[in-house]
């Protein structure tokens, strides 16, 4: 059976309805098709919702240890399929195989393991005065996930939802269907009760509104664009359901006047270019003391020359292509816009990287002498493009950092005490101090138009739980 040509609904590989169209899966490194998948119509989505709705009563009352036993099975099967998962991610969205093997695929396992630990230490019921406070599963959850970190975004939603007793309809990006299909095989082999996890592919602009407006859906958890977040929120409002949103970002990276400039710029450039710049929390605005801007430009240009762009099957490759043709054209357009608006092009640009005559490849690109009113400083480019903005005083740097509709992440590099003080002033959901890596047990999410709610660790549990107070006679 070609499982990619089937949805996973009610514990079975479901044949798509007659109205389904096909979506061609293009390897962005070669621009060649690596398969196709059906795009669900309304009947397929309805069947998935019905299955999850029917499965919820029994699954929500299944003992915690039984639910966690299924998660442990999923973790073990995922481990067995790790090479296959890495290959799928590399082929579908262009991650270099080294990145796919060492981070993109394993991060899904990290979230499962973290959620197993959280669940075993979580207080689902506790006394409160003369009352009892219960944390109960919120219900049927629609999970809508993107292509840029496919298993990270799937598992930081799916693992806590299953752990607390929710049932799920998962709609992964059609640009990340290969990895989703590997996951569906894992779910099937784990033997969860029918209807607990349902996986359908489809066009987000069509599927999202149906999932968000259906009264049988209790929670919608979306990672995606601000436009998608607005749509989900509007559609969900008619049935007053819970909505969790992890949206875009335009994160500032403040280099303090006392910082080690070589180390700070090197880290900032490499963090920006990681995953070909396709991370919502990427440090895309580098705020540099004005008197050090020229030196920072030279360091950034040198770093970009050392980054290997190319063949995604080569373990040495650090940057692959942009994930799809539509996004590729957007990145090129925004680079052109930066030049038109007068930013200084330090390195990179719209020409293909040397030796690459096919694939959606973009050179590591750095702009400088920018200001915060330029398009490249305000819009999320989602490609390997860094914008350097000079500042005179630290208060100005904080003001520039906060002058954005987004508030997902921030970065500060310099003396630890001052860096912490600056971080406290940033209107963002998280801040990386002096090159610190993300902590998957901490809270992840944003302020303002970067979203609503938090994911990861125990904070991710709250998105899938309702709180009930049992009042007892004193």
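The values are calculated or read from the model by the stated rules, or taken from the named source; none is laboratory data. What you see is a predicted model; the values in this text were computed from it and never measured. All Cβ positions, glycine included, derive from the backbone under ideal geometry; neighbour counts span all protein chains shown.
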Do you know which residues across the stretch 433-468 are free of Cβ contacts under 8 Å to residues at least 24 places away in the same chain, surrounded by 17 or more Cβ atoms within 10 Å (Cβ to Cβ) and more than 20 Å from residue 113 (Cβ to Cβ)? 434
On the given criteria, is residue 418 touching a strand residue (DSSP E or B) at 6+ places or on another chain (Cβ under 8 Å) and either in the same structural domain as residue 349 (by TED's automatic domain parsing) or part of a loop (DSSP other than H, G, I, E, B) (or both)? no
Does the stretch 324-347 include one or more residues that are in contact with a strand residue (DSSP E or B) (Cβ under 6 Å, 6 or more places away or on another chain) and under 18 Å from residue 94 (Cα atoms)? no
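What tally of residues in the stretch 191-238 results from selecting those that are buried (at least 19 other Cβ atoms within 10 Å of the Cβ) and part of a helix (DSSP H, G or I)?
Total meeting the criteria: 11.
Would you mind finding the one in 390, 353 that is assigned by TED's automatic domain parsing to the domain that holds residue 322 and either within 30 Å of residue 26 (Cα to Cα) or in a loop (DSSP other than H, G, I, E, B) (or both)? Step through it out loud before you land on a result.
Working: 390 fails: either within 30 Å of residue 26 (Cα to Cα) or in a loop (DSSP other than H, G, I, E, B) (or both).
Checking each option against the conditions leaves just 353.
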Exactly one of these conditions fails for residue 134: (1) touching a strand residue (DSSP E or B) at 6+ places or on another chain (Cβ under 9 Å); (2) surrounded by fewer than 24 Cβ atoms within 10 Å (Cβ to Cβ); (3) not in a strand (DSSP E or B). Give me its number. (3)
Does the stretch 410-421 hold any residues that are touching a residue at least 60 places away in the same chain (Cβ under 8 Å) and more than 20 Å from residue 271 (Cα to Cα), and which are they? 418
Quick one: which of 346, 339 is outside the structural domain of residue 147 (by TED's automatic domain parsing) and assigned to a strand (DSSP E or B)? 346
Restricting to the stretch 33-48, and then to whatever is under 25 Å from the mean Cα position of the chain (by Cα) and under 11 Å from residue 171 (Cβ atoms), can you tell me which residue is surrounded by the fewest Cβ atoms within 10 Å (Cβ to Cβ)? 39
If I filter the stretch 366-381 down to residues being without any contact (Cβ under 8 Å) to a residue 40 or more places away in the chain and over 11 Å from residue 400 (Cα atoms), which single residue comes out as farthest from the chain's Cα centre (by Cα)? 370
Output the residues belonging to the stretch 14-32 that are surrounded by fewer than 16 Cβ atoms within 10 Å (Cβ to Cβ) and farther than 30 Å from residue 319 by Cα. 15, 18, 19, 21
I'm told residue 57 meets every condition in (1) exposed (fewer than 14 other Cβ atoms within 10 Å of the Cβ); (2) touching a residue at least 60 places away in the same chain (Cβ under 8 Å); (3) under 25 Å from residue 192 (Cα atoms) except one. Can you identify the failing condition by its number? (2)
Of all residues being in contact (Cβ under 8 Å) with a residue 12 or more places away in the chain and touching a strand residue (DSSP E or B) at 6+ places or on another chain (Cβ under 9 Å) in the stretch 112-131, which is farthest from residue 469 (Cα to Cα)? Just the residue, please. 122
Checking the condition at pLDDT 95 or above, in the same structural domain as residue 403 (by TED's automatic domain parsing) and surrounded by fewer than 16 Cβ atoms within 10 Å (Cβ to Cβ), which residue from 295, 318 passes? 295
Between residues in the stretch 300-313 that are free of Cβ contacts under 8 Å to residues at least 24 places away in the same chain and in the same structural domain as residue 363 (by TED's automatic domain parsing) and residues that are in a strand (DSSP E or B) and buried (at least 22 other Cβ atoms within 10 Å of the Cβ), which pairs lie under 9 Å by C-beta distance while being six or more apart or on different chains? 308/319
Being over 21 Å from residue 76 (Cα atoms) and either assigned to a helix (DSSP H, G or I) or over 18 Å from the mean Cα position of the chain (by Cα) (or both) is the filter here; which residues of the stretch 170-190 pass it? 174, 175, 176, 177
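Could you please give the count of residues in the stretch 102-111 that are surrounded by fewer than 24 Cβ atoms within 10 Å (Cβ to Cβ) and farther than 20 Å from residue 271 by Cβ? Give the steps one after another, and end with the answer.
At the first step, the residues of the stretch 102-111 found to be surrounded by fewer than 24 Cβ atoms within 10 Å (Cβ to Cβ) are 102-103, 106-107, 109-110.
Cutting the leftovers down to farther than 20 Å from residue 271 by Cβ gives us 109.
Of the residues in that region, 1 qualify.
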For the stretch 239-291, give me each residue that is crowded, with 23+ Cβ neighbours inside 10 Å, over 14 Å from the mean Cα position of the chain (by Cα) and assigned to a strand (DSSP E or B). 252, 253, 254, 255, 285, 286, 287, 288
